[in-house]
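> Please see the structure below; I have some questions.
The values are calculated or read from the model by the stated rules, or taken from the named source; none is laboratory data. Worth saying up front: this structure is predicted, and the values here are computed from it rather than measured. Counting neighbours? That spans all protein chains shown, and the Cβs are built from the backbone with ideal geometry, glycine included. Quick note on the areas: whole protein, heavy atoms, side chains included, nothing else; ligands and nucleic acids left out. Shrake-Rupley method; radii C 1.70, N 1.55, O 1.52, S 1.80 Å.
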Amino acid sequence: MSTPIPVPNEVTQPFWDAANEGRLVIQRCQACLRRQHPPHVFCLSCGGEVDFQPVSGRGRVHAYSFVHEPRNQAFADVAPYTLAVIELEEQPGLIMLSNLPGVPQDQIRPGLAVEVAFERLTPQIALPQFRPSSSVES
Ligand SMILES: [Zn+2]
């Protein structure tokens, strides 16, 4: 498997630092309190200042598809794979993408309760992924 390794930048570094410690943090606007992901230099709703706040890591599968012919050749080795849109419980419309690694396709459905699980890619990078929630009946 040779999927691309995310490269942190100035804006995303706190996100990756937290992920590396097994914590999921999401930007929140200090003015309007709206959360946003992926990270941006300011709040995309009101232009306010943002900082990173921990979230529960719980969410639900909002939508998903199975990718058989990736446009990005880097993913050709792992196709077919799942691409799922996860809506975090903290805010409607607050979404992250996940491949739901290890989850059989026939177990994936809209509304499935999931929780974050970090996939170690390198000593510096742990990728937030999601798996079916172990604590909640979905
Ligand atoms: Zn704002």
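> So in the range 120-134, with the set limited to residues that are of a type in the set (S, T, N, Q) and in contact (Cβ under 8 Å) with a residue 40 or more places away in the chain, which one is most open to solvent (accessible area, probe 1.4 Å)? Give the steps one after another, and end with the answer.
In the first step, residues of the range 120-134 are kept if they are of a type in the set (S, T, N, Q); the result is 122, 124, 129, 133-134.
Still in the list and also in contact (Cβ under 8 Å) with a residue 40 or more places away in the chain: 122, 124, 133.
Working: Thr122: 33, Gln124: 124, Ser133: 20 Å².
Here the answer is Gln124.
> Sticking with this structure for a sec: Among the residues of the range 24-36, is there at least one that is away from the ligand (no atom under 16 Å from the Cβ) and either closer than 20 Å to Leu127 by Cβ or touching an Asp or Glu at 6+ places or on another chain (Cβ under 9 Å) (or both)?
Yes, the range 24-36 contains at least one residue that is away from the ligand (no atom under 16 Å from the Cβ) and either closer than 20 Å to Leu127 by Cβ or touching an Asp or Glu at 6+ places or on another chain (Cβ under 9 Å) (or both).
> Looking at the range 37-78 only, could you name the residues that are hydroxyl-bearing (Ser, Thr, Tyr) and away from the ligand (no atom under 16 Å from the Cβ)?
Ser56, Tyr64, Ser65, listed by residue number.
> What residue, among those in the range 97-107 that are open to solvent by 10 Å² or more (accessible area, probe 1.4 Å) and among the aliphatic types (A, V, I, L, M), is farthest from Ala18 (Cα to Cα)?
So in the range 97-107, the residues open to solvent by 10 Å² or more (accessible area, probe 1.4 Å) come out as 97, 99, 101-107.
From what's left, among the aliphatic types (A, V, I, L, M): 97, 103.
Details: Leu97: 17, Val103: 25 Å.
Step by step, filter the range 97-107, then rank; the result is Val103.
> Six or more apart or on different chains, Cβ atoms under 9 Å: show the pairs whose first residue is in the range 94-105 and under 22 Å from Cys29 (Cβ atoms) and whose second is among the aromatic types (Phe, Trp, Tyr).
Pairs found: Met96/Phe130.
> Gln91 is checked against (1) within 16 Å of the ligand (Cβ to nearest atom); (2) open to solvent by less than 40 Å² (accessible area, probe 1.4 Å); (3) more than 24 Å from Pro110 (Cα to Cα) and fails just one. What number does that condition carry?
Every condition holds for Gln91 apart from (3).
> Go through the range 22-81 and give me each residue that's open to solvent by less than 80 Å² (accessible area, probe 1.4 Å) and among the basic types (Lys, Arg). Give the steps one after another, and end with the answer.
Start the filter on the range 22-81 by keeping residues that are open to solvent by less than 80 Å² (accessible area, probe 1.4 Å), which leaves 22, 24-29, 31-32, 35-37, 39-40, 43, 45-48, 50-53, 55-57, 59, 61, 63, 65-67, 70, 72, 74-76, 78-81.
Of everything in the range 22-81, those that are open to solvent by less than 80 Å² (accessible area, probe 1.4 Å) and among the basic types (Lys, Arg) turn out to be Arg28, Arg35.
> Is it true that some residue in the range 11-29 is under 30 Å from Ala79 (Cβ atoms), part of a strand (DSSP E or B) and modelled with pLDDT of 95 or more?
yes
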